[in-house]
Amino acid sequence: MRNLVSVIILTHNEEKHLARCLTSLKLFTDHIFIVDSFSTDSTVEIARSMGAQVVQNPWVNYATQFNYGIEHNPFQTPWVMRMDADEYVLPELASEILTQLPGQPEDVTGIYVKRRVMFMDQWIRRGGFYPTWLLRLWRRGLGYCEQRWHDEHIKVTAGRTINFEQDLVDHNLNNLTWWTQKHNHYTIIEMIDLLGTRYNFGSDDQHVEPKLFGSQEQRKRYLKLRYASLPLFTRPFLYFLYRYFVKLGFLDGRKGLIWHFLQAFWYRFLVDAKIFEVHHRVGYDREAIIDFFKSEYGKDLRSVARTDTARRDDARRDDARRDDAQPAPAGR
């Protein structure tokens, strides 16, 4: 059973979290593949000392790096799992994977699990943050990470998905200064994501389909498109009020106030301010905006789109070769 799942983790300077993550994974697998973007701390040493296989690859964005991990995964396990280094699997989820995964029908190709977010050592239960369903397990060869700069999801190319009952935990141990600096960086890729709804920086045919009454990720994508259509600077206020009052975020106490205010208002107001700056600096022309992101932030939107197109074309050629290799039906 321990040969059933291989886990892919992306890392960069995760020495504070990695051992905790790997220890939780050891409950159900020994096949852990880490794609490291040239950490300068002891991340790689910890990973190898705990039996993980490690490669290093330059960082472009999460989707590009994770698809690299999928393509270079050295383990030929029937199932693949996505994890972040600051997450860990609860023992109940590990047990569920061991007992429930082997008996799944062939048409089940993806499995959603619930993520609980911890902030300042407190579980954030309200504000629409729990349960968050994420597709984290899929059959090898049938899943990939959609090519987005932010808020990317795993997609399966065939079959159906089911939900498991137990949780994984997202619990970052860094301080609040680190958190705000990280989210300041996230504003750049969030800008690209929101502006991409208007300017189409990438290809749309591979993305999670927005649906109000679809899966949680489809509903989230639908609502994000509606959010992107709202006026700058009004939408952070509306989103915070929705999260904190309508979705009862105020019941999370003082730590919840910090979380919901920073994550739902401060972060998104900063995104809007930076989008305003983009238009102030270069106007509304698509090519000028693409050039701005390359010169100001080092984000080459054209190269990522080309990389993704090449990956999809490769997949189509592989499918064609497999079809050609199938024997002709009797009587043909």
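The values are calculated or read from the model by the stated rules, or taken from the named source; none is laboratory data. Predicted model, so just to flag it, every value in this text is computed and none were measured. Cβ sites come from the backbone with ideal geometry, for glycine too, and all protein chains shown count toward neighbours.
Listing for the model above:
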{"quantity": "Identity of the residue in the stretch 96-121, in contact with a Phe, Trp or Tyr (Cβ under 8 Å, 6 or more places away or on another chain) and polar (S, T, N, Q), that ends up nearest to Q216 (Cα to Cα)", "calculated": "T109"}
{"quantity": "Verdict on A315 being surrounded by 10 or more Cβ atoms within 10 Å (Cβ to Cβ), modelled with pLDDT under 50 and either in contact with an Asp or Glu (Cβ under 6 Å, 6 or more places away or on another chain) or among the small types (G, A, S) (or both)", "calculated": "yes"}
{"quantity": "Criterion violated by R125 - all others in (1) without any contact (Cβ under 8 Å) to a residue 12 or more places away in the chain; (2) more than 18 Å from the chain's Cα centre (by Cα) satisfied", "calculated": "(1)"}
{"quantity": "Residue under evaluation L90, criteria (1) over 30 Å from I258 (Cα atoms); (2) at pLDDT 95 or above; (3) not basic (K, R), criterion not met", "calculated": "(1)"}
{"quantity": "Unique residue being assigned to a loop (DSSP other than H, G, I, E, B) and crowded, with 18+ Cβ neighbours inside 10 Å when the list is F28, F38, F33", "calculated": "F28"}
{"quantity": "Residue check for R82: of a type in the set (K, R), over 27 Å from K16 (Cβ atoms), surrounded by 19 or more Cβ atoms within 10 Å (Cβ to Cβ) and modelled with pLDDT of 95 or more", "calculated": "no"}
{"quantity": "Selection within the stretch 130-149 - assigned to a loop (DSSP other than H, G, I, E, B), over 13 Å from the mean Cα position of the chain (by Cα) and of a type in the set (F, W, Y)", "calculated": "Y130"}
{"quantity": "Which listed residue, of N57, N61, is polar (S, T, N, Q) and more than 14 Å from the chain's Cα centre (by Cα)", "calculated": "N57"}
{"quantity": "Pairs with Cβ under 6 Å, 6+ apart, first in the stretch 159-182 and outside any strand (DSSP E or B) and surrounded by 12 or more Cβ atoms within 10 Å (Cβ to Cβ), second at pLDDT 95 or above and not hydroxyl-bearing (S, T, Y)", "calculated": "G159/D107; N172/D86"}
{"quantity": "Residue that is surrounded by the fewest Cβ atoms within 10 Å (Cβ to Cβ), among those in the stretch 230-251 that are in a helix (DSSP H, G or I) and basic (K, R)", "calculated": "R235"}
{"quantity": "Failed item in (1) in a loop (DSSP other than H, G, I, E, B); (2) farther than 16 Å from I275 by Cα; (3) in contact with a Gly (Cβ under 9 Å, 6 or more places away or on another chain); (4) aromatic (F, W, Y), with F213 passing the rest", "calculated": "(3)"}
{"quantity": "Any hit, the stretch 199-206, residues being within 16 Å of the chain's Cα centre (by Cα), at pLDDT below 90, within 24 Å of W133 (Cα to Cα) and surrounded by 16 or more Cβ atoms within 10 Å (Cβ to Cβ)", "calculated": "yes"}
{"quantity": "Pairs with Cβ under 6 Å, 6+ apart, first in the stretch 101-113 and assigned to a strand (DSSP E or B), second surrounded by 21 or more Cβ atoms within 10 Å (Cβ to Cβ) and aliphatic (A, V, I, L, M)", "calculated": "G110/L135; I111/L137; Y112/L135; V113/L168"}
